[in-house]
Structure formats: C-alpha cells, structure tokens
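Visitor: Mind having a look at this structure? Questions to follow.
The values are calculated or read from the model by the stated rules, or taken from the named source; none is laboratory data. Quantities reported herein were computed from a predicted structural model and do not represent experimental measurements. Cβ atoms come from the backbone with ideal geometry, glycine included; neighbour counts cover every protein chain shown.
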Amino acid sequence: MSFFGTIWDGVGEMFDAIFNGDWSKENQIGATVRGWCGENETLADWINAGISLATLAAIASLSAMVLVYFERKVSGHMQRRLGPMRTGPHGIFQTLADGIKLFFKEGFRPKSADFFTYYLAPFIPMMGSFMILAVIPFDQHLQVANPELGIIYVAAVAGLAGFGLIIGAWGSNNKYSLLSGMRSGAQMISYEVSLLLAILLIVLVSGHTNLQEIIKTQEGGIFNWWIFKLPVLGLISFVFFIITTNAELNRTPFDLSEAESELGAGFHTEYSGICFSMFFLAEYVNMLIAASLATTLFLGGWHAPHPGLDYPGLGWLWFGAKTSCIIFLYFWFRWTFPRLRIDQMMDFEWRFLLPASMVSLLLAGVFMSMGWYIGD
Amino acid sequence: MGMINQLPKVLDPIPGGKMVVNAVDYLVNWARSNSLWPLVYGTSCCAIEMMATGAAKHDIARFGAEVFRASPRQADVIILAGTLTEKMSKHLEVLYDQMPEPKYVVAMGACTISGGPFYYDNYSVIKGADRIIPVDVFIPGCPPRPEALLYGIMELQKLIRGESIRNPRKPGEVESEPWVNRHQEAVAEWEKEQEAVEEEIAPQRAQWKEDNPDFKAFKHPKKPVEDLEKMEYVPREKRVGAEPFALWNIVHEKFPEVTLHGIEEVTEEALAEKGAEYIPDFVVGTEQYSAFVRFLREHADTDCDYIIQVTAVDFVDRYDVCVHLMSTTKKHKIFVRCSIDHDDPKIDTISHIYLGANWHEREVYDFFGITFNNHPDMRRIFLFDEFDAHPLRKDFDDPSRLTKRPY
Amino acid sequence: MTEVDKHGSRPQNLGAFEREPEKQDEEKPKQGMIARYCSLIFGGTKSLLTGMKVTIFTFLNPKSTVTQQYPENKDTLEMKERFRGQVIMPHNEDGEHNCTACTLCEKACPNGSINVLPTKNIAGKKILGKYIYRLDTCTICALCVEACPFDAIRMGQDFELATLNKDSLELVLNKKEGRWKS
Amino acid sequence: MDLVSAQVPAGFPETHPNELTEEFYLNMGPQHPATHGVLRLVVKLDGETVKGVVPHLGYIHRSIEKMAESETYVQNIHLTDRLDYLSCHMNNLCLCMAVEKGANIGVPERGEYIRIMICELQRLQSHLLWWATFGMDLGALTAFLYGFDQREQITDIFEDVCGARLTMNYFRPGGSYCDVPDTFIPRVKAVLEGMEKSLDEYADLVGGNMIIQERCQGIGVLTKEKAISYGCSGPVARAAGVDYDVRRDDPYGIYDRFDFDVPLGKNGDCYDRYTVRIEEMRQSMRILEQCIKEMPSEGPYRSKIKTVIKIPEGHSYANVETARGLFGTYIVSDNKPKPYRLKYRSPNFSNVNIIDEVAKGFKVADLVTVLATLDPVIPDIDR
C-alpha cells in the first residue's frame, strides 16, 4: 500500500465511520438519538456526526487550554515560583484570557509572505490533530471512528503536522522561519521512523492494527499491559515511544524548531493573533494525542490497573489518569533539559534510536514466538 | 480586529444591545489586561531588573505576563528596559510597527522617560523614548525595583480596563516638542518672576525692617559630621614585574630617541622615587611607533604580549595616541605614547602585531578621527555612518546633539 | 619575518598576518568504541535522571517556592532601611523644612534633576522659594542627600511611582517657601 | 525568496561564489534573545554552519566617556555603574582607586575589607546571573529561575548595605559612602551556606548533564595564543590557559592577604569556560570566608576627603578584575575637579572580539553557546 493510499484509505474509513454512525451504534448517546429519530436513519446519522464533531472540537480546544494552564503551573512550581495567580482563583482562567486576547488581536501578513501558503499553514497541524482525535479510544464506546487500520491511519496522519510547519516557515519568507522549518522537517522525518518501529512492535505482539483490539489484548490488570507484559522489552520500547513522540511534538530537549534563544520564535516568527494560536493549539492537542497513544499502546488504554476496578462506563477516567501521567512526564522533561543541537539530534536518531528500535523489534519477534510473556 | 469594532454600530440601536456591547467590552478588556505578553527587549541595566521581575521571587507569571515573546508579531506590550540610543531607535521603530494592535509601551527607568543620567553632555542618547514611539506608562527609577515594574504593569492593566470598543484605541502620539534645557529654563522663568515679586515687596520689606530692628535669622541645625581621619595613599611596596630602569635600558639601547613621559633626566634614582606602582610611559615618534611596539612585544625581556588598550587624548594642539601593554608572563605594564599632528592625524596601525588592537583602533578612529595606516577594516565602530563628527575631540560642539550641564 | 629576525628576539609571532597552526590536542587514552557508546548512553541517562530528580523535588516541596506576591503583600512589605526610592523633603508639624537654598545638592546632582530656586524673605535673607525635583531624570544616586549639610532632603521609601502622565514626574518638594518670618 | 542577497554586508571579505552551495547572511540582533542585549551579529551561514561572524557594536553607545569630562570624579562613579552593571561595584572601585592614586587618598583597614567583600559578593552575583542565562540560552529554562533565586539573596545584601539593587554607587575615594549594617556578616554567612548547596544542585541540573556536556565540549575552542593576542581577560582567557588574574598578579586593595586559587582551563572550549566560572565562584566563597574571619569589627570605614577632589596634572591608571576580566580606568587630569579625559578599558570589548575566531565552523546553535559562555555585557562594550 502506497503512502498516499494509506492516508486516503484512512480518511475514507473515517468518513464512513462518521456518516454510517459507527460511533453511535454502540454508544448510549448515539442510541438515544436513534430512538428519537425513529425510522429516519439518515437524520440520526447526521445528528450523530454533528455531535461527534462538536465533541472533538470541544475536546481539542478545552484540553489545549487546560494543558497550557497546567504547563504554566507545573513549570512555575518546578521553578520555585507560583505561575499564573491573578486571573481567577489561582489563575485558572489564564489561558481563557490568552485565547480571547489572541482572538481579538490584529492579524496581518508580511508584505513579502506568500498569501496562500502563509494562511494555509496554520490549518494543517490543526486538521491533523482533529483527524487523529477521531480515532482515539477514550473508552470502550467513546470513539468517533474505529477504523480497522486505526494505528496505521494515525501514523499516516501524524506526518501532516510537519508539513504545516514547513509550509508556514517557507511561506512567511523569513530566514529564521526557514531555518526552523528545515530543522523541524528533518526532525519529523527522522523520528517518525523510530516512532513507527515502536508502534510496529506493539502491532506485532498484539496482532492487531485496530486500536480497540489492541486495548482488548491488554485486559486483566497492570501486568497485562504491554509495558510490563513483555519483560524489559516493553519498558524499553515505551521509553523509545516517549522519546520519539517528544521529538515529534517539538518539545525540549528536541525543541530545535522553536529554539527561542537561537531562532527567535522559530517557524511562527511571522504569525500573529489567531494564526499563531492555531499553531499553539495544535501543539498541545498533539501532546494529548501522543499521550493517549502511549496509553492505548502500552498502558492498557481504558482498562483499570486491576480487573476488579474495571467498571463499565468509567474507562475514560482510567484513560484520562494515565494520559495525564504521561503528559506530566512531557512537562517534566521540558522544564529540566536543555536542548540538543541539530547534528546531535540526528546522531541520536540514526545512530542510536533507529538501530535500537530495530533490535527491539527483532527481539519482540523472538519473545512472541517463544511465548515469553508475563501475565495471561 | 476590524470586525469587533463594528459591533457597537450594529448593536447599540437595538434595545439591550448596549449591555451586550458593554459585556463584550468587559470580556475583551479583561482578557487583554490579563494576558500581556511582553517582547524580549532589553538594552541595558533595566533589562536585568526586568529579568529579576520574571524570576522566582517576584514572578511576573502571576500576572500572566511571563510569556516573553521573541517575535514582535506575538507581543502585546513592549517594556522599554534600558537606554535608547540614536542608532537603536530605528530598530525600535521597526519593532513597534511589527507589533499587532492593540499594543502598549511601558517606559521603564529614567533613560527611557527622559534620558535620565544621559540628559546632558550626551550626543548619542534619545532624550525620552516617547520621541520615537508613543509610550503609555512611565516607571521612574534607575532602575525601578521589580515591585515598581509590577506596579507599572498594574497601572497599564487599569488603563486597558478603561478602554471601550465604542472608541477603539488609537496609538498615541510621539512627543514632538523640541528638546529644551529644562534646568536653564526653570531658572530663567523663576528669575523673571522674582524680579516682579521683589518690586512688589520692597516697600513692605522696608516697613518690616523698621518694625523689627533686632531680627535674627533662624539658624538651621547642621547634620552631624562624621569623625573621620585624613589618610595618605599607601602605594604597594613590592613591584610587579621588571624594574622600569631595566626596561628603559633595554629600550634606550635600541631606540635612543625614545624618552620617558614626565621625566626629563632618566636615572635609576628618579625612577625608584616614583614608587613601586609607577608604570613606564615611553614617548615615541610617529616613524618609530609601529616598530617600537613590535620590539616591545618580541624582545624576550620586555615580552609585552598582551594589549590592554589603545586610546587617544586630544590636547587641542596635538593628539596623544596611548598604547597600554602588559606582559602576562612577567606581569609588568608598559605605556607607549605617540604625539601626532592635530590637523592631519595619521599613524601606523599595530593591529598586525596585536589582533585585539583592531577594534581599539577603530574606536579611536570613531571618537577622534585618527586614521590608522594599513588598518584592515577602518570603519566606525560605535556610531552610525551618518554621524559626521568625532565626538571625543575637544572641539566637538554640536548644539543639536549636545547640551552643556549647568554646573 | 625579516623584522623579527633583525631584533634578534623570539621567533614566536602571532600577529594577524602570521599565524601559527593550532596545536593538536594531547592524545587521550583510546577507549573502545562500544565501551564509549555504552558509557555515553548509560552515563547520559543517569545524568538526565539526576537533573530530573532536582526538578521533581522542587515541584513536590511547597516550601521551595520563594515568590512574594507583591500587590497582595503590600501591607506586610517591609522596605530596607537604606532603600533609595526617591528624594523627599521631610516637613515638621508646622509644615517647615530644613532647606536653606544653599544649592549644594543642585551642584552635586550629576544630571540636573534638581532646581533650587531661591527667593528673599521679608528680612532680605535668602530662603528657598521652590525646590524642583525631576523624578524623570533622577538616577537615585543619593549624591544630593550626601551633599546636603542640613539634612533637609532624604531618600524616600516609596516605589509606586509609575504614572501615565510624564509631566506629573516634575515635582515641587517644598510645601511652602523657606522660613519666611523667623 | 530573496534569501541570498547580492550585496555583501559590511565587514565580510568579498567571497568567491561556489557553484555547489550558496551561503546566506543572517542578521542576529540587535533585538535577539541570545545576544544579551543589543549586540548585532551578522552571520554568514552555509546551511546551519557558521562561516563567519561580524559583530556590529554601538547600539547602546551612551557617550559615557564624553560625559565624564564634564562631571566631577565623585559624580563619575555613578556612570561607572552603568558600564558593566553586573560588576558595578568593581567598576566603582576601579575609578575610586585611580582617583586615590592620583589625589593621594588612603583607605582605612575596615574600608578595604568592606570593599573586598562587596566585590567578591558581586562576582558571585554576576556569575550566578551568567549561570542562569547560560542555562536559558541552552534551553534549560529552569536553570534561569534557580540562578536568579540564589542571586536575589545577594541582591538583598546589597540593598541592605547601600539601598540599591543594581546601580549601587557605593564606593567613594577613600572608602565607601556608608558603613555596612550589623546584619551584613550574618547575611553573608547565610548566603555562603546556601551557595554550597546550590552549587551541588547546579552540577546536577546543568554541569553534569550529558546534553550540556555534549553541547559545550570541544565547541568554541580559543587557543592561549589567540586569547592573549586579542587581549581577552577574565574567565574567558583563563579557560584558554592564560594564567593571569589581576587579583593575584597585580594585587590591588588587600587581595595579597588572601589565599585563593586561579582556576585554569585546558582546552579553551565552552565547557572549560563553564567550569572555570563555577570554580571561580568557589574561590570567591573562600575569599569571603577569610574576610569574615579577619575583618576588624570596629574602626573607620572611610577616610576624610575634600569636598572637591582635584588630581594634579598627569595621568593615573588603575585596573581591577571584574567578573568578566580586566577593567581599567585611565584618567588624564589637568588639576581641575573634572577629568580631562577618562578612558575605561572594558573586558567585554576584547572578549567579544574573538567571536568570529571561535564560532567559525560550528553550528548556529554553537554560536549561541559561545556567546553564552563569553558572557558579554553590551553596555560595557559600547560605553
């Protein structure tokens, strides 16, 4: 299957899922809507699709806002200070204020920037994030679309964000942006290889590409999660996954494309107001997605750490808790480490991460054929 | 945003619409005042206090303003931390223009309000940043302490909360009044006023003197003076490095025309009298200058491998180019001076002997207009190319730039 | 190089035109490549974890927070005794001050921030008429306070001086003229 | 995109275009986070590799040397604060020493101890700020906050002593303008205790960090010969192996009474500059500890001076070791209360001069590292 073929299949499947009400068939809300509409199934499908899209938008913007707030608070307390305090109690409305301000800020395009690419760029990362959010299994039935090739679809769409940065960097006609765009392009392409290998390992051991099915293979307590189920190897590939997603997210120590002290503001140097906030938003939604994927692939998704705690309908709580932990890990990295240099980053990927993940993939095959699992 | 400004036009005529506009006003102002992202801009001392305000103890993040943006496109407020010079002012204008509306400017410290310490006798500092870009809040202090900056930001927040979309904010105007010597002006004005008062009061005063012939003026109590001792300077006893007389002998052997500055007859006693902190100051002619410096560097006993500085002094009838050298191995210092013609100041370069002399010579060229022959890169170093004078010359007197201090 | 030889001094010359080739590093004991690779990975990971330990301990320890919340702590904020805020002229209960218009402070001020404008009282004695103090140029160096022989001016403790109007920074410090009658 | 401009910026040699690659010029500054103020660097880049750097100065040139000619010696002290504001006490001291030499003014014993202690505290403070910004330039933002936190305690001491946080204007010819308060010694002791812990923490967070080491070792190598020839001084020169410290080799004040080491680097790379500065902090702490032991608790803190100081015709030169290197004051006097010419020799001026030499051939990110370890204060360069 060619690269573009993968994308189009995935997109097709998503549209299928939305318009055929895949989400609504197993979900309580969907069922209720169906009940109201009676026999008019087309109407029910449309309403369900609308609800799901609205939910996605809400999740995206809300989570970004909450994450930004928590990032500022966490960074504050890691740095012996308090962080936002004066906008609402303990500054909880800080990001809301930022958002409103950015929305009402004047937006303009530099004279020499290319109109089409300049305005196209901020939408691409945002679009990518929405498309992936659609397949994230927040709970057993809380998922907009459940394509059979879910994980491959995710991998394919995740590459879109990089295009956004490069196009934006090129379109704004600024030397700093250009350097930053080149850096992020190189970074995204290289680290995607290791990311895919880490994902492939899970696909190999679980035998599924469907996200729900992957989660189902991790049923039955903490030692059935892939991070522990494969002795040592699971942990190692989890670490690889975290490192590579960290790089994909352009966060410290891999924040070369936004390196404040080197390139000013990086690829969004020339963006202001709402366009800038799109990049900003996508960055944090992508972080949520990366953490959700790590949860799905390695930490048992919406399963509780003990089978006894697995109440139906509360899976999203477990999912959220695990995701938050991983997001905290990202925060922690960001506020501890200095950033790498471009050649060191490349060295790290091609000289260490890629061979190591290949070896771990091989080992996973060995583990699988020998049946070296912990747990059931 | 242009669209939001149309809101009052549409909504105000509708009943209840005014309240909606007010609500939007409140919301937008609330958001703007609580999300002031400053531009990373700091030129000098105040920048350190600005950084200290961002640091843990004072934590500007509490106001939501810790998001220092390196790109002016994303900044809301520019805190002018530090002196603004003429060369920098063009760049500041560009930065201001690159910021999207609504944008605010906080002038931090005396330099940006009025030139501060650089008000008089100064040819390069802009006397107040509001002559370049409109300024909203002025924070006096040199530099203001972090709390003062926070107070200034709170003042700015108050200003923003008072805005309305009915009357959208327009950038303020830059100060256009010509710069005046306020000190002199105040004195002149006062003297004029006093003359009138004197005339008016004269008869009363005569009357009063008659009434109170034994008047004694109030004596203001003086501040207690600290009981201090006068002390003499105690020079160091042990000399660092080679004895000046030994250096003199080495030099004199090779360059007999070279003399020591301020000493007519060089004897061992005369030099010993100068104390252990005396630094030999050789006077050399223009022809030998370069060779002499090279000799000092390369001779094993002088061994002056380190250049402290190259500078010049304008003695009205001549320029003295002073070269200060040091030996990092033997630890002694040697000064070299070379008098050159005032009308046609030219001298050989020593930048091929000391790489560091390159910039020092450019500085001398910039300030005094002394040209260094064979210098690889003879450009101005500090001032901009349009500056058509050499400011450290004693005859530099450009009233458009320089105002004399009153005392 | 001829000039150097003529002086008969050391051949070492590192001027801009004659540069010596840079010295080679001393040879380090060669490590095996794999050993270096492993030590880099494990040592590196360890060093990163040590760094993470520092930040997480700070995060978990609420005592480590040092922030002083300025506008909220206004009542308890204590300024240092010697803090130099702005120049003030203390007045007694009768509204009188100690200034004799001797202009020593004006002369001591490095940037003309002070204008001491004298007048004559009814007895013909020179007294202070107007004490103009320009906060906008003041660098708060306290040279004026040092110069004053009568303790007429001091450094105040106020720092909340920010203003929207530049002209309000030109202050007149004396409430009334000098001791008019006495 | 018009990235490759036909015109070669000022200061670069004419290049012979290569058919395979095109180089382009990147303008860093004057408003750029890495340039510590308003230094402007025009960088010639080949991809990410730096092919040449031309610094442009003067964006904060404030004509201090011209102003000095119309202010008295005591008034000039407050202008030296504004040169290198991070070592302003040392600058004050340097001018005061030059005036003392010229006008024959002595300093009492206690005054000398106060001077040394304040100067060493200032060095600690300056190096802490350098450490903080070094972390920030390399992307470790937390380091910035930690460094400032520690620095704030020393700033508190200064505020306690002289009432200002940054531009102190504290020393006068003959001593200092007021005595230190009683709380001074206990506060210094507290800071020294805190510093010990902090330095370990700094090693954990930044110094020992592999990423920092990889980014600093072997980067921006400055040879000893170059360092001397360019007139570099302070930690930059000492990291390159130049064994010169004004405090030891040309001792001023009472520095000859103290026992301290001068740390030297081996390779002259960025990491050496880092370690030398950290070690200098430890040595400053050693000097402070000795000062606390030996300082007389009683006695005058300054000597009596005339209200108008005049220096007889001639010249007077003094130099000190600031946190950045050799700072010199050269006074040419004509027996008037104001100097005829006052020249400051700033260490940063020479230290930044080497930037082209050390950053060439490395990456853009290394240029930032090099700048961070050179630790320039731009107003000191421009004066």
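Visitor: How many of the residues making up segment B:355-386 are touching a residue at least 60 places away in the same chain (Cβ under 8 Å) and more than 10 Å from chain D (Cβ to nearest Cβ)?
Guide: Residues in segment B:355-386 being touching a residue at least 60 places away in the same chain (Cβ under 8 Å) and more than 10 Å from chain D (Cβ to nearest Cβ): 0 in total.
Visitor: If I ask for residues that are surrounded by fewer than 14 Cβ atoms within 10 Å (Cβ to Cβ) and either of a type in the set (Lys, Arg) or not in a helix (DSSP H, G or I) (or both), which ones from segment B:208-217 would you list? Steps first, answer last, please.
Guide: First pass over segment B:208-217, keeping only residues surrounded by fewer than 14 Cβ atoms within 10 Å (Cβ to Cβ): B:209-214, B:216.
Of everything in segment B:208-217, those that are surrounded by fewer than 14 Cβ atoms within 10 Å (Cβ to Cβ) and either of a type in the set (Lys, Arg) or not in a helix (DSSP H, G or I) (or both) turn out to be B:Lys209, B:Asn212, B:Pro213, B:Asp214, B:Lys216.
Visitor: Considering segment A:232-268 alone, what residues qualify as being outside any helix (DSSP H, G or I) and out of contact with any His (no Cβ under 9 Å at 6 or more places or on another chain)?
Guide: Correct list: A:Val232, A:Leu249, A:Asn250, A:Arg251, A:Thr252, A:Pro253, A:Phe254, A:Asp255, A:Ala259, A:Ala265.
Visitor: A further question follows. Given (1) within 10 Å of chain B (Cβ to nearest Cβ); (2) surrounded by fewer than 24 Cβ atoms within 10 Å (Cβ to Cβ); (3) in a loop (DSSP other than H, G, I, E, B), identify the lone condition not met by A:Phe276.
Guide: Condition (3) is where A:Phe276 drops out.
Visitor: Consider only pairs whose beta carbons are under 6 Å apart and that are at least six residues apart or on different chains; among these, list those whose first residue lies in segment B:220-247 and is over 30 Å from C:Pro149 (Cα atoms) and more than 9 Å from chain D (Cβ to nearest Cβ) and whose second residue is in a loop (DSSP other than H, G, I, E, B) and basic (Lys, Arg).
Guide: B:Ala242/B:Lys330
Visitor: From the list D:Lys293, D:Lys197, D:Lys266, D:Lys226, pick out the single residue that is free of Cβ contacts under 8 Å to residues at least 60 places away in the same chain, under 30 Å from B:His360 (Cβ atoms) and basic (Lys, Arg).
Guide: Working: D:Lys293 fails: under 30 Å from B:His360 (Cβ atoms); D:Lys197 fails: under 30 Å from B:His360 (Cβ atoms); D:Lys226 fails: free of Cβ contacts under 8 Å to residues at least 60 places away in the same chain.
Just a single option satisfies the conditions, and that option is D:Lys266.
Visitor: Shifting gears a bit: Could you check, for segment D:176-192, whether at least one of its residues is under 30 Å from B:Ile279 (Cβ atoms), facing another protein chain (nearest Cβ under 10 Å) and in contact (Cβ under 8 Å) with a residue 40 or more places away in the chain?
Guide: Yes.
Visitor: I'm trying to understand the selection: among the residues of segment B:77-86, which are out of contact with any Pro (no Cβ under 6 Å at 6 or more places or on another chain) and buried (at least 24 other Cβ atoms within 10 Å of the Cβ)?
Guide: We begin by selecting, within segment B:77-86, every residue out of contact with any Pro (no Cβ under 6 Å at 6 or more places or on another chain); these are B:78, B:80-86.
Correct list: B:Ile78, B:Leu80, B:Ala81, B:Gly82, B:Thr83, B:Leu84, B:Thr85.
Visitor: Let me ask another. May I ask you to list the residues in segment A:77-96 that are closer than 23 Å to A:Asn286 by Cβ, at the interface with another protein chain (Cβ under 7 Å from one of its Cβ atoms) and part of a helix (DSSP H, G or I)?
Guide: A:Met78, A:Gln94
Visitor: Quick one: which residue in D:Met195, D:Met281 is buried (at least 19 other Cβ atoms within 10 Å of the Cβ), more than 12 Å from chain B (Cβ to nearest Cβ) and touching a Phe, Trp or Tyr at 6+ places or on another chain (Cβ under 9 Å)?
Guide: Answer to the selection: D:Met281.
Visitor: Give segment C:28-62 a look and list any residue that's closer than 30 Å to B:Lys57 by Cα and either in the same structural domain as C:Ile153 (by TED's automatic domain parsing) or among the hydroxyl-bearing types (Ser, Thr, Tyr) (or both), or say none.
Guide: If we filter segment C:28-62 for residues that are closer than 30 Å to B:Lys57 by Cα, which is where we start, we get C:47-62.
C:Ser47, C:Thr50, C:Thr55, C:Thr58 - these are the residues of segment C:28-62 that are closer than 30 Å to B:Lys57 by Cα and either in the same structural domain as C:Ile153 (by TED's automatic domain parsing) or among the hydroxyl-bearing types (Ser, Thr, Tyr) (or both).
Visitor: In addition: Mind listing whichever residues of segment D:243-276 are touching a helix residue (DSSP H, G or I) at 6+ places or on another chain (Cβ under 6 Å), part of a helix (DSSP H, G or I) and under 24 Å from D:Ala318 (Cα atoms)?
Guide: Hits for segment D:243-276 are D:Arg247, D:Tyr255.
Visitor: Here is a check on your reading of the model: is B:Leu247 aliphatic (A, V, I, L, M) and farther than 30 Å from B:Phe63 by Cα? Even if it seems obvious, please write down each step before you answer.
Guide: Working: aliphatic (A, V, I, L, M): yes; farther than 30 Å from B:Phe63 by Cα: yes.
Yes, satisfied.
Visitor: Oh, and also: Take the residues of segment A:326-376 that are surrounded by fewer than 15 Cβ atoms within 10 Å (Cβ to Cβ) and of a type in the set (Gly, Ala, Ser): which is modelled with the highest pLDDT?
Guide: A:Gly365
Visitor: Let me ask something else about it. Can you name the number of the only condition in (1) modelled with pLDDT of 90 or more; (2) over 21 Å from the mean Cα position of the chain (by Cα); (3) of a type in the set (Val, Ile, Thr) that D:Thr329 fails?
Guide: Result: D:Thr329 passes all but (2).
Visitor: Is it fair to say A:Ile59 is surrounded by fewer than 21 Cβ atoms within 10 Å (Cβ to Cβ), at pLDDT below 75, more than 10 Å from every other protein chain (Cβ to nearest Cβ) and closer than 22 Å to A:Ser129 by Cβ?
Guide: Considered against the rule, which asks whether it is surrounded by fewer than 21 Cβ atoms within 10 Å (Cβ to Cβ), at pLDDT below 75, more than 10 Å from every other protein chain (Cβ to nearest Cβ) and closer than 22 Å to A:Ser129 by Cβ, A:Ile59 comes out as no.
Visitor: In segment C:80-92, what residues are buried (at least 16 other Cβ atoms within 10 Å of the Cβ) and of a type outside the set (Lys, Arg)?
Guide: Matches in segment C:80-92: C:Phe83, C:Gly85, C:Gln86, C:Val87, C:Ile88, C:Met89.
Visitor: What about B:Ala148, is it in a helix (DSSP H, G or I) and either at pLDDT below 85 or more than 29 Å from C:Gln157 (Cα to Cα) (or both)?
Guide: Answer is no for this residue.
Visitor: Would you mind finding the one in B:Val283, B:Val336 that is touching a strand residue (DSSP E or B) at 6+ places or on another chain (Cβ under 7 Å), surrounded by fewer than 19 Cβ atoms within 10 Å (Cβ to Cβ), within 14 Å of another protein chain (Cβ to nearest Cβ) and modelled with pLDDT of 85 or more?
Guide: Exactly one of B:Val283, B:Val336 is touching a strand residue (DSSP E or B) at 6+ places or on another chain (Cβ under 7 Å), surrounded by fewer than 19 Cβ atoms within 10 Å (Cβ to Cβ), within 14 Å of another protein chain (Cβ to nearest Cβ) and modelled with pLDDT of 85 or more, namely B:Val283.
Visitor: Could you tell me which residue of segment B:163-207 is farthest from C:Val116 (Cα to Cα), considering only residues that are surrounded by 12 or more Cβ atoms within 10 Å (Cβ to Cβ) and of a type in the set (S, T, N, Q)?
Guide: B:Ser164
Visitor: Please verify whether segment C:130-145 includes one or more residues that are more than 9 Å from chain B (Cβ to nearest Cβ), surrounded by fewer than 17 Cβ atoms within 10 Å (Cβ to Cβ) and under 29 Å from B:Lys404 (Cα atoms).
Guide: No, there is no match, as no residue in segment C:130-145 is more than 9 Å from chain B (Cβ to nearest Cβ), surrounded by fewer than 17 Cβ atoms within 10 Å (Cβ to Cβ) and under 29 Å from B:Lys404 (Cα atoms).
Visitor: Just one of (1) in a helix (DSSP H, G or I); (2) under 30 Å from B:Gly54 (Cβ atoms); (3) modelled with pLDDT under 85 trips up C:Ser39, so point out which.
Guide: That leaves (2) as the condition not met.
Visitor: Quick check: is even one residue across segment B:246-263 surrounded by 13 or more Cβ atoms within 10 Å (Cβ to Cβ) and at positive phi?
Guide: no
Visitor: So, in segment B:286-295, how many residues would count as being surrounded by fewer than 22 Cβ atoms within 10 Å (Cβ to Cβ), more than 9 Å from chain C (Cβ to nearest Cβ) and over 35 Å from the mean Cα position of the chain (by Cα)?
Guide: Here the count works out to 2.
Visitor: Within the set of pairs 6+ apart or on separate chains, which have a first residue in segment B:25-49 that is away from chain A (no Cβ under 11 Å), a second that is aromatic (Phe, Trp, Tyr) and not in a loop (DSSP other than H, G, I, E, B), and C-beta atoms under 8 Å apart?
Guide: B:Ser44/D:Tyr85; B:Cys45/D:Tyr85; B:Ile48/D:Tyr85
Visitor: Another question, then. Somewhere in segment B:102-118, is a residue surrounded by fewer than 22 Cβ atoms within 10 Å (Cβ to Cβ), within 8 Å of another protein chain (Cβ to nearest Cβ) and touching a residue at least 24 places away in the same chain (Cβ under 8 Å)?
Guide: Kept after step one, since they are surrounded by fewer than 22 Cβ atoms within 10 Å (Cβ to Cβ), are these residues of segment B:102-118: B:102.
Next, only the ones that are within 8 Å of another protein chain (Cβ to nearest Cβ) stay: B:102.
Remaining after also requiring touching a residue at least 24 places away in the same chain (Cβ under 8 Å): B:102.
Within segment B:102-118 (the criterion being surrounded by fewer than 22 Cβ atoms within 10 Å (Cβ to Cβ), within 8 Å of another protein chain (Cβ to nearest Cβ) and touching a residue at least 24 places away in the same chain (Cβ under 8 Å)), the answer is yes, since at least one residue qualifies.
Visitor: Mind counting the residues in segment B:339-381 that are in a loop (DSSP other than H, G, I, E, B), of a type outside the set (Gly, Ala, Ser) and either under 24 Å from B:Leu260 (Cβ atoms) or out of contact with any strand residue (DSSP E or B) (no Cβ under 6 Å at 6 or more places or on another chain) (or both)?
Guide: Qualifying residue count for the region: 18.
Visitor: I need the full set of residues from segment A:58-97 which are in contact (Cβ under 8 Å) with a residue 60 or more places away in the chain and β-branched (Val, Ile, Thr), in order please.
Guide: A:Ile59, A:Val68, A:Val74
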